[in-house]
Structures are given as structure tokens and as C-alpha cells.
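Colleague: The following block contains the structure, expressed as C-alpha cells.
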Amino acid sequence: GFTWPPPCENYVHEALQGVTLALAVLAEARTDLWPASGDAVFRAYSWLYANGCPASGDDTATPWIVNHYTGADFPVTSPTSPGKGFGFTDWLWP
């Protein structure tokens, strides 16, 4: 049945890995889309952390990137586990 807030699922963080990497690559190519759609990606991460769904496992690479480009202060771990599409974010985007 429907519950609010929804249960924490790792699939949300998995999906955010791809869009986070795309935004980082575009930002490095001088096309900053982080503010797009009212900071949608930042708001997604904010909601996850506010509702007790922090990144874990191979999803711990993404908060480093989000913090770097948005000025957020999401908890990070080092060393981080590589994500599905990138790794070493704890020293690439400290």
C-alpha cells in the first residue's frame, strides 16, 4: 500500500548517479545545468537526506559531486566506493 514518506530504496540513488555524472561532465565543459528545473537534482538529494535515505555502498561517490557543484554539505565518506559510471570522487571533487 501507499505510505508517506516512501521507503528508502537504493534505486533512487542509482538513478541519480547517471544524471549527476552528466551534470558534472557538462559543468566541466562550461555548460552549467545544475540550476536547471529549479535545482531539481539538488532538491532530489535534499529530500533523500531529509527523509533518512543517505547514499550507501556504491552510491557514496555522488554526494562529493553534488557538494562541489551546489555548495551543499551532504555527508561524505572517504574512501568512497566507485559508482556505476565513475569513481574517485573523494579526491576529484574534494
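Colleague: When you have a sec, figure out the Kirkwood radius of the chain from all distinct Cα pair distances and drop it here in Å to one decimal? Don't skip to the end; give the middle numbers.
Modeller: Values: mean 1/r = 0.0741 Å⁻¹.
When all Cα pairs of the chain are included, the Kirkwood radius is 13.5 Å.
Colleague: I would also like to ask the following. List the chymotrypsin sites (Phe, Trp or Tyr not before Pro) in the stretch 1-63 that DSSP assigns to loop (not H, G, I, E or B) and whose Cβ has at most 16 other Cβ atoms within 10 Å. Which are they? Before the final figure, lay out the partial values.
Modeller: Numbers: sites: Phe2, Tyr11, Phe42, Tyr45, Trp47, Tyr49; in loops: Phe2.
Answer by residue number: Phe2.
Colleague: Taking the chain as the reference, fit the longest principal axis to its C-alpha atoms, fit the long axis of helix 36-50 to the helix C-alpha atoms, and give the angle between the two in degrees, 0 to 90, nearest 10.
Modeller: 50
Colleague: Another question, if that's okay. What is the local net charge at Thr70, summed over the other residues whose Cβ is closer than 13 Å to its Cβ (Lys, Arg +1; Asp, Glu -1)? Kindly include the intermediate steps, with their values, before the conclusion.
Modeller: Numbers: positive: Arg43; negative: Asp32, Asp39, Asp73.
Within the 13 Å Cβ shell, the charges total -2.
Colleague: What list of ³J(HN,Hα) values in whole Hz, one per residue of the stretch 87-92 in order, does the Karplus curve 6.51 cos²θ - 1.76 cosθ + 1.60 (θ = phi - 60°) give from phi, with Gly and Pro shown as x?
Modeller: Listing the rounded values in order: x, 6, 5, 5, 10, 7 Hz.
Colleague: Identify, among Ala29, Gly52, His68, the residue whose Cα sits farthest towards the positive end of the charge dipole of the chain, taking +1 on the Cβ of Lys and Arg and -1 on the Cβ of Asp and Glu, with the dipole about the Cα centre.
Modeller: Ala29
Colleague: Here's a follow-up. Counting other Cβ atoms within 10 Å, keep those with at most 16, restrict to DSSP loop, and tell me which trypsin sites (Lys or Arg not before Pro) in the chain are left.
Modeller: Counting only loop positions with at most 16 other Cβ atoms within 10 Å, the trypsin sites (Lys or Arg not before Pro) in the chain are Arg30, Lys84.
Colleague: Something else about it: What accessible area per residue comes out for the stretch 1-56, rounded to a whole number of Å², with a 1.4 Å probe?
Modeller: 64
Colleague: Carbon-plus-sulfur fraction of the accessible area of the chain, 1.4 Å probe, in percent?
Modeller: Of the solvent-accessible surface of the chain, carbon and sulfur hold 62 percent.
Colleague: While we're on this one: So, with +1 on the Cβ of K and R and -1 on the Cβ of D and E, and no other charges, what is the size of the charge dipole of the chain about its Cα centre, to the nearest 20 debye? Don't skip to the answer; put the middle values down first.
Modeller: On the way: 3 positive and 9 negative charges, 21 e Å.
I would put it at about 100 debye.
Colleague: In degrees, nearest 10, range 0 to 90: what is the angle between the Cα axis of helix 10-28 and the longest Cα principal axis of the chain?
Modeller: On a 0 to 90 degree scale, this one is about 20.
The values are calculated or read from the model by the stated rules, or taken from the named source; none is laboratory data. These numbers come from a predicted model, not from an experiment. Using ideal geometry, Cβ is built from the backbone for each residue, glycine included, and neighbour counts are taken over all protein chains shown. Note: accessible area is taken over every heavy atom of the protein model, side chains too, but ligands, DNA and RNA are not part of it. Shrake-Rupley method; radii C 1.70, N 1.55, O 1.52, S 1.80 Å.
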